[in-house]
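Taking it in order: structure first as C-alpha cells, then the write-up.
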Amino acid sequence: MSQTQGPVGTREQAGGSAQSPLLASALWRWLKEVWPGALALLVLAFAAYWPLIHAGYIWDDYGYIVQNPDLRHLRGLWSIWFVPSTSIQYYPLVYTLFWVEYHLWGTNPVGFHLLNIVLQATDGVLLWMVLRQVRLPGAWLAAALFTIHPVQVETVGWAVEQKNLTSAALAFGAVLMYLRAFPLASSDGKSALNGRMVVEKWGWWYAGATALYVAALLGKTDVCTLPAILLVLAWWRRGCLGWRDVAPTLLWFGFGLALAAMTIHVEHHQAGAKGAAFAFSLAQRTIMAGHAIWFYLGKLVWPHPLLEVYWRWNPAAMRGWQWLWPLSALGVIVILFILHKRIGRGPLTAALFFGFAASPVLGVISYYTMRYTFVADHYQYLACIGPFSLAGAGVALAAKRWGRHKIMGEPVFLWIGGIALLLTLTAVSYAQSLVYNPSYRVWAHVLKYNPNCWVAQENLAVHYAMQKRLSIAGPLLASANKLSGGADPTVTGNIGDMYYLMGQYSLAIKWYRVSLAGQPHNIHIIKKLVHCYEHTGDWANAIKDIKQGLSFVPQSAALHFMLAADLVHAGNFRGAALAYRHGLRYEPRNTKAHYDLALTLERLGDWQGALRHFARAVAISPQYALGHYAYGRCLLAHGRAADAVGELQVATRLARKAVTGLRVGAPQQAPLGNLLACLQTLAKAYRADGEPQRAKAAQDEAHALDVKIKLLMRPGLGQSGGTGLLRAARTAPVEGH
C-alpha cells in the first residue's frame with residue numbers, strides 16, 4: 001500500500017474499493033475488543049445509580065423542566081436558541097434535549113433520570129475510547145473510576161445536570177475525531193493511534209471534531225478549556241509543542257472564549273451573579289481557587305460527606321495562613337515540572353489537566369451559586385479525569401512491573417484489587433444515591449452536616465409547604481431568610497408562596513415584591529403576584545404587573561393569556577382579544593386560549609372570528625366537550641342550526657361519557673349540570689332545525705335530569721355547597737370563565 005506524507009502525518013492513499021473491506025474488518029475487530037468493557041461500564045453505572053430512577057425532581061429541576069413554557073410548543077425552540085433572555089442560562093442544546101424529552105414522556109422524572117444514567121455510562125465508554133486512543137495504561141480502570149465514583153452522584157441524580165453529561169459526551173466525541181485528524185506522536189515517533197491507519201481526508205475529521213466541540217459548548221461552556229487540554233496531551237506525548245499542535249486549537253480557543261463570554265454575561269445579568277455578594281478581591285479569589293482545588297482532590301480520595309450544598313467559606317478570613325492553599329497547589333506544579341524527566345510527564349499532565357478543567361468554576365469568575373457555596377461536586381465532573389487517569393495508569397504500571405501470575409494477560413492482584421475497589425465505590429455511590437430518593441431527603445442530609453445552610457432550609461420548607469405543613473415550613477423559611485441576608489429572591493418568593501397558601505394575599509404581595517426587586521424578570525413570581533391581585537379583585541395592578549413582565553419576556557404566551565383574562569374582567573374586550581392573539585403567536589395550539597378568544601369575540605359581536613376560533617379549539621382537542629358546546633351554541637345563535645346540531649351532539653356524547661365514568665362517591669352535580677346544559681341547548685337546535693320529535697326527546701331527558709339534580713341537592717343527599725356547584729356547572733359551559 002502506497003503512503004504519502006500529509007500536512008500533519010502519514011496519510012493513506014488506498015482506493016475506496018480496497019479500503020472498504022479493510023475498514024469493515026478493523027471495525028469488527030474493534031467491536032470485539034470493546035463491547036465487553038463497554039457492557040461492564042454500563043452494568044456498573046446502573047448498579048451504582050439505580051436508586052436515582054425514582055428520585056423525583058430537586059431544586060431548579062422545576063424551573064428548567066416542569067415550569068419551563070418553552071418546552072411546551074414548537075415555537076419554544078426559537079426562544080431557546082435565539083432569545084437568551086427567556087432562560088437563566090444560555091445552554092440551548094440542553095434545553096433542546098429537554099424539549100425532546102418533554103414531548104416523549106412529559107414531566108415524568110423517571111425518563112430524565114433513566115437518560116442521565118445512560119448518558120453517564122456513555123460518557124464512561126467514550127472516555128475509555130479517548131484514553132485508549134492516547135495509549136494510556138489502565139485506561140479502562142480510569143474510565144470505570146470516572147463512571148461510578150461517588151462524587152458523580154450529584155451530576156447523575158440532578159435532572160438539569162444533563163448539561164454536564166451531554167456536553168461531556170460531545171467533548172469526548174470531539175477529541176476522538178480530533179485525534180484522528182492530528183494523532184499525538186510520542187517522542188519516539190510512534191503514533192498514539194497504536195498502529196492504526198489514519199484516513200486521508202483529515203480535514204473532514206477536523207471539521208467534525210470542531211462541530212462536536214461547538215455543540216459541547218452549547219451544552220455547557222465548562223468545556224471551553226478543551227483546546228488547552230489538547231495541548232497538554234500533545235506535550236505529554238512528545239515533551240514539546242510545535243506549531244502543528246497549536247494551529248488546530250486556535251479556532252477552538254476562539255469558539256470557547258466567545259461562548260464563555262456569552263455565559264458570563266447571562267450569568268451576571270439574568271442569574272444575578274453581581275452586586276455586593278460577589279465583590280471579592282483578587283486575593284480572596286486566589287485563596288478561594290487554591291482551597292477549591294484541594295477540596296475537590298480531598299473528595300476524590302475520601303468522598304464523605306457528599307452534600308448538595310457545602311458550607312460556604314468566610315471570605316473575610318481568606319488571608320494569612322490560607323495563602324497555603326494556592327501556594328501549595330502552585331508548588332506541586334513546580335515540583336512535578338522539575339521532576340518530570342525523572343518520574344515522567346504523566347503526573348504533571350494529570351495535574352495540569354485537573355487545573356485547566358476546573359478553572360472555570362474555581363471562583364476567579366463570579367457565578368450565582370457563590371452566594372451560598374464556593375464548591376460543588378458537579379463542578380469537578382470533567383476535572384476528576386486527570387487524577388483518575390493518573391491512578392489508573394499507576395495501578396496498571398505497578399501491576400505490569402510486579403505482577404507475575406496473570407489472568408487474561410493481566411496480573412492477578414490487579415484483578416483482585418480493581419474489582420474490590422470498584423465494588424466498594426459502587427456500594428458507596430449506591431448509598432449516596434439513596435440520599436436523593438425521595439428528593440427532599442437530600443436537604444435533610446445537607447442540614448445534618450451543614451446546619452446553617454439556608455438553601456437547604458429553604459428547599460426543605462418548600463417540601464413541607466407543599467404538604468400544607470406550614471407550621472414547619474414557616475420557621476425554616478424565616479431562618480433561611482435571616483441567614484441569606486434577607487434579600488435572596490428565591491427565599492423571599494417562597495415566603496410569598498407560604499402566605500399565598502394561607503390566603504394572606506397582602507403579605508404575599510409584599511414578599512413577591514421583594515423577590516422581584518432581586519429578579520425583575522422572574523416570570524413565575526410575576527404570575528403569582530398577579531394571582532394575588534386577582535384574588536383581591538385589583539385588576540388594575542394585575543394588568544400593570546403583567547405588562548411589566550412582558551417588557552422582560554415578550555415571548556411569554558402565559559403572560560399574554562393572563563393579561564387577556566384580566567382585561568376581560570376589567571371590561572376591556574378589545575384589548576383582551578389583542579392579547580389572546582399575541583399569545584397564540586407563541587402557542588398556536590393552545591386549546592383554552594382559542595376558546596377564550598372566541599368567547600371574547602362573541603362579546604365584541606365578531607361572530608365569524610368567534611366561530612373560527614371555536615372550530616380551531618375543537619380541531620386541536622376533539623374531546624373538549626366545553627369547546628363543542630360553545631361552538632354549537634354560537635352556530636345556533638348565528639342561524640346555522642344544522643351545523644349546531646352536529647357540534648351539540650358531540651358535546652352531549654362527551655358529557656354523557658363523563659357522567660358514566662364517574663367513580664363511586666365522586667361529586668355528581670357538576671358533570672350532571674354540564675350534561676343538562678348540553679341537552680337543553682341540543683333540544684333548541686333540533687327545534688330550530690325542524691326536528692320537533694328529536695327536540696322533545698332531548699327536552700324530556702333534560703327535564704328528568706333536572707329533577708335528579710334537584711334531588712341530589714336536597715339536604716342530606718347532596719354535598720355541602722351543592723347549589724354553588726350546580727350554578728357553576730350550569731354557567732360554565734355558557735360563560736367559559
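Scanning the range 425-441 for residues that are modelled with pLDDT under 95 and either over 26 Å from Y49 (Cα atoms) or touching a Phe, Trp or Tyr at 6+ places or on another chain (Cβ under 7 Å) (or both) gives a single hit, S439. Against the definition (within 35 Å of the chain's Cα centre (by Cα), buried (at least 18 other Cβ atoms within 10 Å of the Cβ) and touching a residue at least 40 places away in the same chain (Cβ under 8 Å)), how does A351 come out, yes or no? No.
Per the listing L300, L352, L327, L306, the residue uniquely in a loop (DSSP other than H, G, I, E, B) and not basic (K, R) is L306. Here G195, G254, G189, G203 are screened, and the one residue that is at pLDDT below 95, surrounded by fewer than 18 Cβ atoms within 10 Å (Cβ to Cβ), of a type outside the set (A, V, I, L, M) and part of a helix (DSSP H, G or I) is G203. The number of residues in the range 584-614 being more than 15 Å from A564 (Cα to Cα) and of a type in the set (A, V, I, L, M) comes to 2.
With respect to (1) surrounded by fewer than 18 Cβ atoms within 10 Å (Cβ to Cβ); (2) under 29 Å from L483 (Cα atoms), the lone exception for F337 is condition (2).
Counting only residues that are touching a residue at least 60 places away in the same chain (Cβ under 8 Å) and either under 26 Å from G124 (Cα atoms) or not charged (D, E, K, R) (or both), the range 61-75 holds 7 of them. Might you check whether a residue that is part of a helix (DSSP H, G or I) and touching a His at 6+ places or on another chain (Cβ under 7 Å) occurs anywhere in the range 638-647? Yes, that holds for at least one residue. None of P671, P715 is part of a helix (DSSP H, G or I) and at pLDDT below 85 except P671. Cβ separations smaller than 9 Å between residues 6+ apart or across chains give the following pairs from the range 83-98 residues that are without any contact (Cβ under 8 Å) to a residue 24 or more places away in the chain to residues that are assigned to a helix (DSSP H, G or I): T96/L77; T96/I80; T96/W81; T96/L218. When the range 449-493 is limited to residues that are in contact (Cβ under 8 Å) with a residue 60 or more places away in the chain and more than 30 Å from P303 (Cα to Cα), the one that is surrounded by the most Cβ atoms within 10 Å (Cβ to Cβ) turns out to be D488.
Please specify each residue of the range 257-282 satisfying the condition of being touching a residue at least 24 places away in the same chain (Cβ under 8 Å) and either more than 24 Å from the chain's Cα centre (by Cα) or part of a helix (DSSP H, G or I) (or both). Selection gives L257, L259, A260, M262, T263, I264, V266, E267, H268, A277, F278, F280.
Could you please let me know if A317 is among the small types (G, A, S) and surrounded by fewer than 14 Cβ atoms within 10 Å (Cβ to Cβ)? Answer is yes for this residue. Picking from residues in the range 112-158 that are among the charged types (D, E, K, R) and within 24 Å of F98 (Cα to Cα), the one that is nearest to the chain's Cα centre (by Cα) is E154. Please specify each residue of the range 647-668 satisfying the condition of being more than 17 Å from L712 (Cα to Cα) and modelled with pLDDT of 70 or more. Those that are more than 17 Å from L712 (Cα to Cα) and modelled with pLDDT of 70 or more: E647, L648, Q649, V650, A651, T652, R653, L654, A655, R656, K657, A658.
Name the single residue that is surrounded by the most Cβ atoms within 10 Å (Cβ to Cβ) among those in the range 45-61 being under 13 Å from S433 (Cβ atoms) and not small (G, A, S). It comes out as L52.
The values are calculated or read from the model by the stated rules, or taken from the named source; none is laboratory data. Every value quoted in this text rests on a predicted model; they were computed, and no experiment measured them. Virtual Cβ from ideal backbone geometry, glycine too; neighbours counted across all protein chains shown.
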